[in-house]
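A quick write-up on the structure given underneath.
A short reminder: the numbers here are calculations on the coordinates, not readings from a lab. What you see is a predicted model; the values in this text were computed from it and never measured.
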Amino acid sequence: MFSSCVSLVNLNYETAQILEKGKVSGTASISQDGERSQTLKDTVWSTRELSYGFRFGVGIGEKTNISVRYENTFLKEGVRQNFIEAQFKWALGRDPKNSMHPVRLTLGLPAQYYFYGDYHAVSFNPRLYVGLFNFNPYFRLTLIPKLHLIMDISTPELKFNPIDYPGFSLNLAFSNNFDKWAIIPEIGFLSETNISFGCGFVLKP
């Protein structure tokens, strides 16, 4: 149960770029979760959940963004799972845009709430955005290591007993103007058998 909660939100569709103060952004995304299993004859790849998501972000300072995200996941059993995320995002270093450095580092601190039916869970997912090729006008590579701490709050015996899932994702953003828009395909790994992938479209009016 826990791994299905975090596998799709292991994808972020964000770069290490920070919005300027007062600027806003909107993101729409679609994600697919898959699992690899080994049979006696071959390795089998099976897809599981399909998810649609939206994010709204705003720059509140030279080095700080906040955002809210909603994700709706269609589980294999035909049940829909929902989650809501709020994230604070800080640029690391003296230069908030890291304009003088080839590597851009940004810290993300999101908290999430999952729910469907009688099941409810909360999670905290610290992550580091490592942005590469920031001088390139057409593409940017972002590495995102993270740790998923998730806690079932609907099962009394599991309360206050968080389970941790280390995760990692990698995306490659394409644009001819990263201050206006970007297309961001991404792949994420929770383990060697749990892989998720998808694509996001970011608009900055």
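Some points to look at:
- Extension reserve of the LEU170-PHE133 stretch, reckoned as 0.36 nm per residue once the Cα distance is removed: 12.0 nm
- Phi-derived couplings, Karplus 6.51 cos²θ - 1.76 cosθ + 1.60 at θ = phi - 60°, listed residue by residue for segment 134-147: 5, 7, 6, x, 10, 8, 9, 9, 10, 9, 9, x, 7, 10 Hz, with x used for Gly and Pro.
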